[in-house]
Amino acid sequence: MIKLHGHEISGNSYKARLMLSLLNLDYEWVRVDLMKGEHKTPEYLAKNPFGQVPLLIDDETIIADSQAILVYLARKYGGEQWLPTDALPMAQVIRWLSTAAGEVRQGTENARLFHLFGAGTKINIDRATEKSHFILKQLDQHLSTRTWLECDRPTIADVAIYPYISLAKDGKIELDAYTHVLNWMERFQKLAGYVPMLGA
Ligand SMILES: N[C@@H](CCC(=O)N[C@@H](CS)C(=O)NCC(=O)O)C(=O)O
């Protein structure tokens, strides 16, 4: 049985939940209480020394990091559909995983963290807001001629980018001006197996 360790407020945990659900995989949700510091206990750090969620355990295999979890699940359970292995399409998809961990994290993810948890996060909200609009403009432009981010079909590129873009409002980032992004989000929400954020 696959186990996903995560927290309901975590968009990175949501990313992993989405993938499990899109692949129609059974799994057990193990709630890690971030507020109580359960991700910093010796037992948890033994599984993920980074002390972060999400963490996926599939029998003996332990995978930390939402992007790595997407790659693992896509290749282990999804064949070529969600992550193709030919050089060019693979590079095109991985580019968005990198963007999720880079520009999206510096933008909408950090803006959300700031507004949910306040100044204690030490996040520069002006910079996070600027980065959010930078990546939203890029995404909007990219999606103006495409249905999905790459390969003319949903891939883990879409799964990696969707959570923190759909949660942009939590960071007081309005999406109204980004119509192609809004349309893509609507299409994403219609995928078989789509699940909303826990508690949303
Ligand atoms: N690169 C990691 C980042 C994971 C991450 O930042 N997780 C947050 C919750 S969304 C967390 O566990 N924060 C607690 C901490 O870092 O102490 C991923 O993509 O999974």
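Counting only residues that are in a loop (DSSP other than H, G, I, E, B) and surrounded by 14 or more Cβ atoms within 10 Å (Cβ to Cβ), which one in segment 30-48 is nearest to the ligand (Cβ to nearest atom)? Applying the filter and picking the extreme gives Leu34. In segment 83-103, the residues that are among the β-branched types (Val, Ile, Thr) and modelled with pLDDT of 95 or more never reach a residue that is surrounded by fewer than 12 Cβ atoms within 10 Å (Cβ to Cβ) and outside any helix (DSSP H, G or I) with C-beta atoms less than 7 angstrom apart, at least six apart or across chains.
Hey, does segment 49-61 have a residue that's part of a helix (DSSP H, G or I) and either more than 27 Å from Ala111 (Cβ to Cβ) or without any contact (Cβ under 8 Å) to a residue 24 or more places away in the chain (or both)?
For segment 49-61, residues part of a helix (DSSP H, G or I) and either more than 27 Å from Ala111 (Cβ to Cβ) or without any contact (Cβ under 8 Å) to a residue 24 or more places away in the chain (or both): absent.
Per this entry, Asn12 is counted among residues that are part of a helix (DSSP H, G or I) and either in contact with a Cys (Cβ under 9 Å, 6 or more places away or on another chain) or not aliphatic (A, V, I, L, M) (or both). The sole residue among Ser132, Ser144, Ser66 that is surrounded by fewer than 16 Cβ atoms within 10 Å (Cβ to Cβ) and small (Gly, Ala, Ser) is Ser144. Residues that are over 12 Å from Gln52 (Cα atoms) and within 11 Å of the ligand (Cβ to nearest atom) within segment 12-29 comprise Tyr14, Lys15, Ala16, listed in sequence order.
The selection criterion, being within 22 Å of Phe50 (Cα to Cα), in a helix (DSSP H, G or I) and in the same structural domain as Cys151 (by TED's automatic domain parsing), does not hold for Leu73.
The values are calculated or read from the model by the stated rules, or taken from the named source; none is laboratory data. In this text, all values refer to a predicted model and were calculated from it rather than measured experimentally. We place every Cβ from the backbone using ideal geometry, glycine too, and count neighbours over all the protein chains shown.
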